[in-house]
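Novice: Following this message is one structure expressed as structure tokens.
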Amino acid sequence: MITFYHSRGCPRCAAIREGLETLCLAHRVVGVGGGEAAEGLPDGIRPPVLLDGREVVRGHRAIRDRLDSLEAIKAEWDKYQSDACYCDEDDEEG
């Protein structure tokens, strides 16, 4: 599962949260602020941080790039996850 750690009140983080919701991927959002430690956030790393499995993605731009990559993977997955059968009408065989 993806975990997104963000600073509370960060407007660019709100856009990342919205992107995660739009992708409909399983994720968890953790707000960090006031010097408190966040469970699961690697020591010495400050938000914004996206943990995707064992991969740590840091910074707004890198996280947006990662979401763009996940969106492309999801689109390809969705493309072939259908009950429909597509046949070439011009195919003379058969």
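The values are calculated or read from the model by the stated rules, or taken from the named source; none is laboratory data. Small disclaimer: the values here were computed from a predicted structure and weren't measured. As a convention, Cβ positions derive from the backbone with ideal geometry for all residues, glycine included, and neighbour counts pool all protein chains shown.
Novice: What is the residue count in segment 11-39 for residues that are assigned to a loop (DSSP other than H, G, I, E, B) and over 22 Å from Ser69 (Cβ atoms)? Spell out the reasoning first.
Specialist: To start, the set of residues in segment 11-39 that are assigned to a loop (DSSP other than H, G, I, E, B) comprises 24-26, 33-39.
Going one step further and asking which of them are over 22 Å from Ser69 (Cβ atoms), we end up with 33-39.
Residues that pass the stated criteria total 7.
Novice: Anything in segment 35-44 that is more than 19 Å from the chain's Cα centre (by Cα) and either within 19 Å of Ala14 (Cα to Cα) or among the aliphatic types (A, V, I, L, M) (or both)? List them, or say none. Reasoning before the result, please.
Specialist: Taking segment 35-44 as the starting set, the residues that turn out to be more than 19 Å from the chain's Cα centre (by Cα) are 35-39, 43-44.
Ala37, Ala38, listed by residue number.
Novice: Turning to a different aspect of this structure: Failed condition for Val56, given (1) part of a strand (DSSP E or B); (2) in contact (Cβ under 8 Å) with a residue 12 or more places away in the chain; (3) in contact with a Lys or Arg (Cβ under 7 Å, 6 or more places away or on another chain); (4) among the β-branched types (Val, Ile, Thr), with all others met?
Specialist: Of (1) part of a strand (DSSP E or B); (2) in contact (Cβ under 8 Å) with a residue 12 or more places away in the chain; (3) in contact with a Lys or Arg (Cβ under 7 Å, 6 or more places away or on another chain); (4) among the β-branched types (Val, Ile, Thr), only one is false for Val56: (3).
Novice: Another question about this same structure. Pull up segment 59-94, narrow it to residues that are at pLDDT 65 or above and among the aliphatic types (A, V, I, L, M), then point me to the one that is farthest from Thr3 (Cα to Cα).
Specialist: Ala75
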